[in-house]
1. At what distance in nm do the modelled label points of LEU64 and LEU498 sit from each other, each positioned 7 Å from its Cα along Cα→Cβ?
2. As I understand it, the value is the acute angle between the Cα axis of helix 313-322 and the longest principal axis of the Cα atoms of the chain; what does it come to in degrees, rounded to 10?
3. For every helix of n ≥ 4 consecutive DSSP H residues, a contribution of -39,500 (n - 2.57) applies; sum these over the chain, divide by its total residues, and give [θ] at 222 nm rounded to the nearest 500 deg cm²/dmol.
4. Within region 12-54, list the residues whose amide N lies under 11 Å from a label point set 7 Å along Cα→Cβ of GLU280.
5. At a Förster distance of 35 Å, what's the computed FRET efficiency of ALA293 paired with GLN473, Cβ-Cβ distance as r, to 0.05?
6. Quick one: work out the % antiparallel among DSSP beta bridges in region 3-126, nearest 5.
7. When the Cα centres of region 354-425 and region 59-127 are compared, how far apart do they sit, in Å?
8. Given a Förster distance of 25 angstrom, what is the FRET efficiency for TYR506 paired with ASP445, based on the Cβ-Cβ distance and rounded to 0.05?
Amino acid sequence: YKTLRLILGDQLNLQHPWYAERDPSILYVLMEIRTETDYVWHHIQKACAFFAAMEAFAANLQQLEHAVHYLKLDDPANQQSIAANCGNLIQQHQIKKFEYQLPDEYRLDEMLKAYSKQLGIASQVYDTEHFFSSRDELGLFFASKKGLLMETFYREMRKKHGILLNGKEPAGGKWNFDEENRRKLPKNHKPYPPLLFNNNVRPQYNRLVQAGVKTIGNINPEQFYWPISREQALELLQHFTAHCLPLFGTFQDAMHTDEWSIYHARLSFAMNSKMLSPKEVVQAAIAAWQSAAGEIGINQLEGFIRQILGWREYMRGIYWLKMPDFANSNYFEHSRKLPDWYWTGKTKMNCLKHSIGQSLQHAYAHHIQRLMITGNFALLAGIDPDDVDFWYLGIYIDAIEWVEITNTRGMSQFADGGITGSKPYTASANYIHKQSNYCEQCKYDRSKRIGDDACPFNSLYWNFHDQHRAKLQHNPRLSMVYRLWDRMTAQDREAILLRADYCLEYIEEL
Ligand code: FAD
Ligand code: SF4
């Protein structure tokens, strides 16, 4: 072989131009390594999903007669790092050129840049050709503008890529249909059941266990239901457009104790591993909407496109604009340790019990559970953003730093001081009750602020805003909050702050 091409675990894009032609002088390498399995405690389903999808991808390449070297975790020749493993192959095959695709993670980007420099042979880096926008496109777009609003970038993406437009105007007459998309799941409404695959990941599971990799969460390795191949990813996309898209927007923010995915796509793993491209997902949704001849509302479609063409591209752009400083941001200087029950779900707060419980069970929670339940509590309780990131980066099947940290530290914890959001996402029990049935079966009383059975969110909400008054009171979107707080009697305020103190002191027992 003359050339060694490295394929990272989240670069499983069979449509990449690399594979258009078979070249016998090229050796492709994929590897399962401890540097990737050990940087956080990954959910066991996430670790198995990546290994299984990588193996399926390698098998696909071999069927296409590409030369592939797949290093398993327990291969005696595995040196457990990219540099050492590539070094061995370069030496063994007297390789003349090293090639890789742009990593999405800052850590790997820096490592591979440095590695290629000191190699002593030629090297070349390629775009992954996965995203709508390039790494620095967001930064360039906002360079001449004030602020970094997602909505501005999203509209630019719609225009640039000609998506959901009527001439120059937005299809349906509006850019944003969020107003129509905030409904709770009605009683007795049963969402379409999620499509679950029947994969066997026993071999990958055994490798992880035997190597002693520390993981979290549950799994049934013989019935592993996440997509691990391009065929399955396409099937899941088809399932989504046929059965979930028609009500996606309407119930996008709904939460329910009996349902773990409602009408959500569960396509994030397939997209983040690049088995599916965001472009084909967007196109499939538009095609389904067109062929439904008016049966799928534009609010459903726009709500979905906004997530992918808007939020997903935006978060990636912010990541490359703000890293590495972003990873250390802590605007509120929060330092409390993450309660142990985040790792077990053993809390009396029903919303957290369910959101954490299903995350451990399925390696998945939908956006509002992540943002307004687990994220909201961590923010109100003043948890150290490092702890919060560590949890989110491990527990979800789709957790890769570029999209995890921007959502967690940025959007959810406001540790970036307002880059990804114009105000902190905080809410008391009122909001949680409005969007879910969690409060109905909770030990705590959602309508109370004080007393032993008062919902902890209620006092912690006021405590948070009181504590961070200097940083937040001039935010026009929060003026109402401070007006309400100031209108309470001093006695009421004191009682609420006392209850919050108690909740924080006994946080492990909540
Ligand atoms: P759907 O709700 O069906 O949305 C469709 C797609 O839109 C998703 O697959 C995803 O690709 C994209 N999308 C939606 N919201 C966002 C968003 N805010 N940012 C980027 N893409 C978005 N997403 C990840 O992919 N990886 C993460 O590690 C991750 N961590 C998060 C942490 C927190 C605290 C929060 C609040 C959100 C996080 N998200 C993350 C964003 C979002 O919650 C998930 O993308 C979504 O829940 C995945 O499920 P789904 O495929 O069913 O999404
Ligand atoms: Fe969560 Fe409070 Fe509702 Fe219980 S009452 S489910 S703790 S918001």
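Any read-out appearing in this document is the output of simple, stated calculations on the displayed coordinates, not a laboratory observation. Values in this document were obtained by computation on a predicted structure and should not be read as measured data. Glycine also receives a Cβ, built like all others from the backbone with ideal geometry; neighbour counts cover every protein chain displayed.
1. 6.9
2. Its long axis makes an angle of about 90 degrees.
3. -11500 deg cm²/dmol
4. The answer is 13-16.
5. My answer for the efficiency is 0.10.
6. Roughly 0 percent of the DSSP beta bridges within region 3-126 come out antiparallel.
7. 32
8. Calculated value: 0.90.
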